[in-house]
Amino acid sequence: MNYEIWDVHTHLAGVPGTTPEERLAKLLQYADRVGIARLCVMMGLKWNYDPTPEFMRKSNDEALQAVRKFPDRAFGFVYVNPKHTQASLDELNRCVRDGPMVGVKLWCALHCNDPLLDPIVARAAELKAIVAQHCWIKITGNLPGESTPMDMAELAARHPKATFSCIHTGGDWERGIRAIRPHPNVYADINGGDPTAGFTGMAVRELGAERVLYGSDAGYRSFASQLAKVHGAEIPDTAKRLIFAGNTKRLLRPILNEKGIKV
Amino acid sequence: MKPDQSTFSLDRRDFLKVAVAAAGVASLGSTSALQAAAAAPSGLIDTNVSLSRWPLRRLPCDDTAALVAKLRANGVTQAWAGSFDGLLHRDIATVNTRLADECRRHGKGLLVPFGSVNPKLPDWEDDLRRCAEVHRMPGIRLHPGYHGYRFDDPDFAKLLRLAAERGLLVQLVWIMEDRRMMHPLLQVEPPDLKPLAEVIKKTPGLRLEILNVLKGLHGQSLLSLLHAGEVFVEIAMLEGVGGVAGLLEKTPLNRVLFGSHAPLFYFESALLKLKESPLTEDQPRAIRCDNARRLLAKKS
C-alpha cells in the first residue's frame, strides 16, 4: 500500500549543513528515502526556549530562507514568544500574512493557557494559520514555561474558531489524548516521543482519525521511528491516509488557497 | 524520490523482490519503503523482543502468536526474546519456564529465549544454571534498573563472570522506556553507565549486548564501552535523522545489531531506520543478520 505523506513537524536543528538551505536539502534527502512528500519546517538553526524579538526574527528568517529554496516541498511555521506580544504579532504578519508561512509555532516560553496568547491565537485564526503548541507531561518535571495538553485544552476552549495542533500529544499520550478529546479544534500531532505501540490506535479510537496528524520532529528524531507509529498501527488504511497527509492537507488548504498555492 | 543507494549481493529471486519493492518506493512511498526494507536478503535477526505483558498497558502484539505473525510478516528470521514478566516478577524460575515454553510452542524456531536473572534474589545462581542447563538458552537478559542494582555491585560482577564461564551471551537492558513518561508509581532510574566498562574489562570471555542504550550513550562514551570488551549495541532507541549512518561514522560496524524493542515499540521503527540511512553495501547485511549470527555462534 502506498501513501502520500506530509510531515507536519520538522526542524533544521539536528541536521547536517551550515546554512538553512543546506540543512533542508539534507532533510529532504532523508525524507525521500522513506517516501515523505512535504515537510512543515519550524524554527532556525539555533533554539531558545524564551526568545527575544531579535532571536525570533533571526530564527524565522532562517526558516524562510530554507522554505523559499524548496517551495514545492516545504512549508514554514512562524516561531513566536507570547511574552513579546506585539513582536509576535509583527512576526505573524511578516511571515504569514505577507510571507509564505502557513502556521504558528509556540514552544516553552509561557504556559499556553496564559491570556497573553489570546491576541496571537486570534490573529492566527484570522489568517487561517494552524497554531502548533509544544505540549508535554513529564513525570520528571516540566520546564517552567512548558505547556501541557491540559493547558492547551483551556486555550482551545477560549478560541473555538482557531485550529490547534497539540505537539507530541503531550508525550504522555494516554493522558494527552484524554485532555484534548473534548475540543474538536485540537488535533493530536503524534510526533516526537518514542514509537510506543498503541499510541496511534488510542488516538484514532478516542479522537477519530480525522484529528490525528503525522509529524516527526526530525532532525532531532528519525523519520523512521515516527512513521512507524502510523505504518505499525492497527488501524484501517483509510485512517492511515488521513493521518499521513489527508488531515494536514485539509487543515492547510484554506491558507494555501489564500496564498494561491494548489495542492 | 531516490532509490535506495544500498546494494546487496543478490540471487535472482532476491533481486526481483527488492526491485519490485524499490519500484513501489519510487512511485509514491511509505509502506513500499517498508516493504523494500523488509525484502532485503539473507535474513533479519531481531535481538530485542519481549514476550508476555507489559505491566502498564496492553500492547497490540503482546500475544506470542500475534508477535510471531508480525515478525514473520516483516521478514524476521530469528528473534531473541526476553520476558516482560522478568521486570517485576520475583518467581523468576517460572518466568523463564514460561518463556522457554512459549518460544517452543510458537514460531517454529523463530523465537530464541533469553531468560531473566535477578542477582538480588536469593539463590539466583540456580536461575542462571536452569537457563543454561534446563532450558538450554544461549543467553540471559538483565534488568538492573528494575532489579535495583548498580554496575559496580559485586553481585553483578559475579553474575557476568558466571555467565561468561557458561558461555552465555548477556543482554543488559539499560532502560525500557523514556523516563519522562513513566508511571508515577513505577519510576525506574536508568543505571549509571560509568562503572560498566571496568567490570567488563575484568570479565574475560564475556559477550555483552546492551539493549536500548543508544538513547543515552553517544560519541566517546559509547566507544569507550564498546572497546572495553566484546560489547554490542542495537538500534531500537537510536534517534536522529539518518541515525544509523551517523552511528556508523563513529562506531565499528561489527558491533551494531538490529533490535526493535517490539512489541513495546512499533516493530516498523527499527526496520525503517535501515531504509532512512544511506548505507554502504556491507552495512545493512551486517546489522540485519551477520553480526548477530556471528555473536550467537561464538558460544564457547
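Couple of notes before you dig in:
- Electrostatic dipole magnitude of chain B [Cβ: Lys, Arg +1; Asp, Glu -1; Cα centre; debye, to 20]: 480 debye
- Placing dummy labels 7 Å off each Cα toward the beta-carbon, the span from B:Leu185 to B:Glu125 is 3.7 nm.
- Solvent-accessible surface ranking, highest first, for B:Asp126, B:Asp178 at 1.4 angstrom: B:Asp126, B:Asp178
- In sequence order, segment A:245-255 has phi-based couplings of 8, x, 5, 5, 4, 5, 6, 7, 3, x, 6 Hz under the Karplus curve 6.51 cos²θ - 1.76 cosθ + 1.60, θ = phi - 60°, and Gly or Pro positions carry x.
- Of the chymotrypsin sites (Phe, Trp or Tyr not before Pro) found in segment A:11-92, those in coil by DSSP whose Cβ has at most 16 other Cβ atoms within 10 Å are A:Tyr49.
- Spacing of the two label points (7 Å from each Cα toward its C-beta) at B:Ala297 and B:Ser224, in nm: 3.4 nm
- Sequence-distant residues sharing a close amide H with B:Gly139 (under 5 Å, placed H): B:Gly115, B:Leu169
- Only lysines eight or more places from B:Lys201 in sequence, or on another chain, were considered; those with a Cα closer than 25 Å are B:Lys120, B:Lys158, B:Lys215, B:Lys250, B:Lys298, B:Lys299.
- Cross-link reach list, lysines versus A:Lys46, counting only Cα pairs under 18 Å and skipping chain neighbours closer than eight places: A:Lys26, A:Lys58, A:Lys105
- For segment A:134-263, the alpha carbon convex hull comes to 119 Å³ per residue, rounded to a whole number.
- B:Leu257 long-range amide H proximity, modeled H, under 5 Å: B:Val233, B:Glu234, B:Ile235
- Residues A:Lys58, A:Lys259, A:Lys161, sorted by accessible area with the largest first, give A:Lys161, A:Lys58, A:Lys259 [1.4 Å probe; ligands and nucleic acids excluded].
- 3J(HN,Hα) couplings calculated from phi for segment A:73-80 with the Karplus curve 6.51 cos²θ - 1.76 cosθ + 1.60 (θ = phi - 60°) are, in sequence order, 10, 9, 10, x, 10, 7, 8, 10 Hz; Gly and Pro show x.
- Backbone N within segment B:126-168 under 20 Å of label point (7 Å from B:Arg90 Cα along the Cβ vector): B:126-128, B:143-150, B:155-156
- When chain B is treated as a GNM with alpha-carbon contacts under 10 Å, the residue of B:Leu172, B:Leu44, B:Leu223 showing the greatest mean-square fluctuation is B:Leu223.
- A 1.4 Å probe run over chain A, with the rest of the protein chains in place, finds 34 Å² accessible per residue.
- Among A:Ser59, A:Ser222, A:Ser147, residue whose mean-square fluctuation peaks in a GNM of chain A (springs only between Cα atoms under 10 Å): A:Ser222
- Value of D in µm² per second that Stokes-Einstein yields for chain B, Kirkwood Rh from Cα pairs, at 10 °C (1.306 mPa s): 81 µm²/s
- Under 9 Å, Cβ to Cβ, from B:Asp178 - net charge with Lys/Arg +1 and Asp/Glu -1: +1
- Remark: the A:Arg158-A:Arg253 segment gains 31.8 nm on full extension, using 0.36 nm per residue and subtracting the alpha carbon distance.
- Whichever aspartates and glutamates have a C-alpha closer than 18 Å to that of A:Lys138, once near sequence neighbours (fewer than 8 apart) are set aside: A:Glu146, A:Asp151, A:Asp172, A:Glu174, A:Asp189, A:Asp194, A:Asp217, B:Glu177, B:Asp178, B:Glu189
- Ranking of A:Glu22, B:Glu125, A:Glu234 by solvent-accessible surface, largest first: A:Glu234, A:Glu22, B:Glu125 (1.4 Å probe, protein heavy atoms only, all chains present).
- Accessible area in square angstrom per residue, segment B:43-297, 1.4 angstrom probe: 36 Å²
- About the centre of its Cα atoms, segment A:6-258 shows a dipole size close to 460 debye [charges on the beta carbon of Lys, Arg (+1) and Asp, Glu (-1) only; nearest 20 debye].
- Derived scalar couplings between HN and Hα for segment B:115-131 equal x, 8, 9, 10, x, 9, 8, x, 6, 4, 4, 6, 4, 4, 4, 5, 4 Hz in order, rounded to whole Hz, by the Karplus curve 6.51 cos²θ - 1.76 cosθ + 1.60 (θ = phi - 60°), x for Gly and Pro.
- Cα Rg, Dmax, the protein assembly as shown, angstrom units: 23.9, 73
- Semi-axis lengths, Å, chain A, gyration tensor of Cα atoms, sqrt of 5 times eigenvalues: 24, 22, 17
- Per-residue ellipticity at 222 nm from helix content only, as computed over the protein assembly as shown with -39500 (n - 2.57) for each DSSP H run of at least four residues, stands at -11000 deg cm²/dmol.
- Loop-located trypsin sites (Lys or Arg not before Pro) in segment B:220-300 whose Cβ has at most 13 other Cβ within 10 Å (DSSP): B:Lys298, B:Lys299
- Computed from the C-beta positions of B:Ala73 and B:Glu281 and an R0 of 30 Å, the FRET efficiency is 0.70 to the nearest 0.05.
- Accessible surface of A:Ile139 - all protein chains present, 1.4 Å probe, nearest 10 Å²: 50 Å²
- Other-chain or far-sequence residues with amide H under 5 Å of A:Trp136's (modelled H): A:Ser147, A:Thr148
- Cα centroid separation, segment A:1-45 to segment A:89-158 (Å): 22 Å
- Here segment B:37-106 and segment A:192-263 have alpha carbon centers that stand 28 Å from each other.
- Of all accessible heavy-atom area on segment A:188-232, the percent that carbon and sulfur account for (1.4 Å): 49 percent
The values are calculated or read from the model by the stated rules, or taken from the named source; none is laboratory data. A quick note: this is a predicted structure, and the numbers were derived from the prediction, not measured. Note that we place each Cβ from the backbone using ideal geometry, even for glycine, and neighbour counts take in every protein chain shown. The area values use the complete protein model at the heavy-atom level, side chains included, leaving out ligands, DNA and RNA. Shrake-Rupley method; radii C 1.70, N 1.55, O 1.52, S 1.80 Å.
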